[in-house]
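The values are calculated or read from the model by the stated rules, or taken from the named source; none is laboratory data. Remember, predicted model here, so these are calculated numbers, not experimental data. Backbone-built Cβ (ideal geometry, glycine too); neighbour counts: all protein chains shown.
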Amino acid sequence: MKLAIQPRSIAFRLIVAVLAVELVSSILVVVLSFGYERHIHFRAFDVMLHGRADSILGAVQDAEDPGDNVMLDKADLHIPPDDVYEVYDEAGHLLGRSDNWQGAGPGVPTHSLGDFSQIRVSGHHYRILRIQGSRTIDPGEHGGGKLRKVTIVYGSPTFHAWHAVRGAVEFYAAGSIILLIVTGPLIAWLLHRGLLPLRQLASLASQVSVDAWQFTPPASAYSTPELAPLTHAIESVLQRLEQSFIQQRAFVSDAAHELKTAVAVIKSSLQLLTMKRRSAQEYQAGLERCLADSLRLEAIVADMLTLARAESSAPVDGPQSTANLPACIDQVVVQLETVAAHRNVQVNTTVSNSIEAFEVALAPEACTLLLSNLLLNAIQHSLPASAVEIILILETEENAPTAVVQIQDHGDGIPLEALSHVFDRFYRGDPSRARTTGGTGLGLAISKAIVTKAGGSISIASQPDPALPDQGTAVIVRLPISR
C-alpha cells in the first residue's frame, strides 16, 4: 500500500530549503571553528610548555662537587601543581622530578627532541614535551668553563585547553541555533510577503469563469520580473479562451437556429399534408418538399462535421498528405463546368509559365474542397455573361516558396460592412438569397479553417462601386509549398 504524499507549497519548500542551507552552513561553521580553536589553543599550549620547560632549565645549577656536575634546585621553581617534569643529565642520571609523577618511562619518545606526545597520568591526558639544554659550570675558569647538557621532560594536562576549545565551539553552536530560531520566522515572513503578488494573481485568476472573463492583474504582477511572463501568458490564454467560448456559443446558437428552421419546415410540410385528405399528386409534391428540406438539413450537418474536422488540431498519423495544386485547380474547374455554363459564366485559368507541378501541405480532398467552395462562390456571385479568373503564381521571398491562388469574379462585390464577417459561420452576405438556394453559410468558414490548418492565409478584397458594377471580388489564398 502506497502512502499518499501531501503536496507542499512553494513557500514551504523555499523555507525548508533555506533553513537546510543555514543548518548545513552552521554545521560547517562549527566544524571549522572546532579545527581553528583547537589549533589556536594548542599552539598557545605548546608555547606555554616550552616556557615552563625553559624555567626548569633555569633551575639547573652547579652541584659544587669535585666532578663539576649539575643539580636541580627546586627552591625557586613555581610550576602549577598539576604539571609534571623530570630532568636528566647527559649521563642519563635523574636530577629530579615532580612529586606527583613516577616518570615518563617508555611512553615518551627519545629519538627526537622537541617532539610532543600524549600520555595518561593519574587518569588524565597529558601533553609531554622533551627538550635538551645546556649549562656552563665555572665560566670564569680557563677555557670558559665546562658545558653540561641536560634533558628536560615537561608535561601538562590538556583538559584546560580542551575546555577552552569546547567553550568556543559551544558558543558558535549556540549562536547558530539562535540564528536558525530567529531567521526561520523571518524567512517565512519575507517569503510570505514576497509571494504576495503571486497569491494576488492566483486569486484574480480564480475569479474568472465562463460568465465573467474580467481579469485585471495587479501592478505588482507586471513589475515583478518573474511574474510578468506568467501574467502576460494568463492574459493571452484567457483572451483566446474567451474568444473560443464566444465563437462556440455563436456557432451553437447559429447551428441550432439553422437546424431548428429546417426541422420546422419539414414538420410544417408534414402537418400540412395531414390536415385533410389530398390527392396522390399532392402527397407526392409534399413528400418531395420534405425530401428537399431533409437533403438541405443533411448538407448543414455534413458541413458542420467538415468544419469541425478542418478546425481540429489533432496530429495526423503517418506522413503528412500533400496535393498537386495545379492538378486540383484543373479538376475543380472541370467539376463546376456545368454550373458555370448554367449561369452563363466563363472560367479562365492562368498559370505562370515558370510553374511546374508542385505539392502543397494539404490532403487532396481538402484541397479540392477548398477550391470548389471558392470557385462556386465566385460563379454564384458573378453576373451573367461575365468571367471568373483563376490565377496561380509563386512567391519565393526569403527562401520560403509560397503558392498564391487568386480567384476573381466580376459580380456586384461585397459591401464594406459585410466584408469583415464573410468568414463567420452561417453568415450570408446576400440577404435576398433564400435558404433553399443560398447554401449553409459555412463554405468560407470551412475554407479558412482548411487554409489556417495548412499554415497559409486567406483574404478577400472587394470595394463595390456603383459606377463599376462588374468590379467584383478577389479571394487570395497563400499556401506553403511542401519541401
Can you list residue pairs whose Cβ atoms sit under 8 Å apart, with the first residue in segment 280-298 being free of Cβ contacts under 8 Å to residues at least 24 places away in the same chain and the second being surrounded by fewer than 16 Cβ atoms within 10 Å (Cβ to Cβ) and small (Gly, Ala, Ser)? Count only pairs 6 or more apart in sequence or on different chains. none
Go through Glu337, Glu397, Glu365 for me and flag whichever is in the same structural domain as Ala454 (by TED's automatic domain parsing), of a type outside the set (Val, Ile, Thr) and modelled with pLDDT under 85. Glu397
Given (1) within 20 Å of Arg130 (Cβ to Cβ); (2) under 60 Å from the mean Cα position of the chain (by Cα); (3) surrounded by fewer than 16 Cβ atoms within 10 Å (Cβ to Cβ), number of the condition His39 does not satisfy: (1)
Just the residues that are in contact (Cβ under 8 Å) with a residue 60 or more places away in the chain and not polar (S, T, N, Q), please, taken from segment 163-181. Ala164, Val165, Ala168, Val169, Tyr172, Ala173, Ile177, Leu179, Leu180
Residue ID - surrounded by the fewest Cβ atoms within 10 Å (Cβ to Cβ), chosen from residues in segment 282-301 that are farther than 20 Å from Gly443 by Cβ and within 60 Å of the chain's Cα centre (by Cα): Leu291
Please verify whether segment 237-248 includes one or more residues that are in contact with a helix residue (DSSP H, G or I) (Cβ under 7 Å, 6 or more places away or on another chain) and either in a helix (DSSP H, G or I) or of a type in the set (Lys, Arg) (or both). no
Odd one out for Ile40, checked against (1) in contact with a strand residue (DSSP E or B) (Cβ under 6 Å, 6 or more places away or on another chain); (2) of a type in the set (A, V, I, L, M, F, W, C); (3) part of a helix (DSSP H, G or I); (4) farther than 18 Å from Lys146 by Cα: (1)
Among (1) of a type outside the set (Phe, Trp, Tyr); (2) surrounded by 15 or more Cβ atoms within 10 Å (Cβ to Cβ); (3) more than 26 Å from Val18 (Cβ to Cβ); (4) modelled with pLDDT of 80 or more, Ser176 falls short only on (3)
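Condition check ((1) at pLDDT 75 or above; (2) part of a helix (DSSP H, G or I)) across all residues:
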site	(1), (2)
Pro384	yes, no
Ala434	no, no
Gly438	no, no
Ser447	yes, yes
Selection from segment 356-405 of residues that are of a type in the set (Ser, Thr, Tyr), more than 18 Å from Ala323 (Cα to Cα) and buried (at least 16 other Cβ atoms within 10 Å of the Cβ): Ser382, Ser386
Only residues in segment 369-392 that are in the same structural domain as Val405 (by TED's automatic domain parsing) and free of Cβ contacts under 8 Å to residues at least 12 places away in the same chain count as the first member; pair them with residues that are crowded, with 22+ Cβ neighbours inside 10 Å and part of a helix (DSSP H, G or I), Cβ under 9 angstrom, at least 6 apart or cross-chain, and list the lot. none
Which of (1) of a type in the set (S, T, N, Q); (2) touching a residue at least 60 places away in the same chain (Cβ under 8 Å); (3) outside the structural domain of Leu94 (by TED's automatic domain parsing) does Ser156 not meet, given it meets every other one? (3)
If Thr452 satisfies every condition in (1) within 24 Å of Asn348 (Cβ to Cβ); (2) at pLDDT 85 or above; (3) in a helix (DSSP H, G or I) but one, which is the exception? (1)
Selection from segment 132-178 of residues closer than 15 Å to Phe42 by Cα and in a helix (DSSP H, G or I) yields Phe159, His160, Ala161, Trp162, His163, Ala164, Val165, Arg166, Gly167, Ala168, Val169
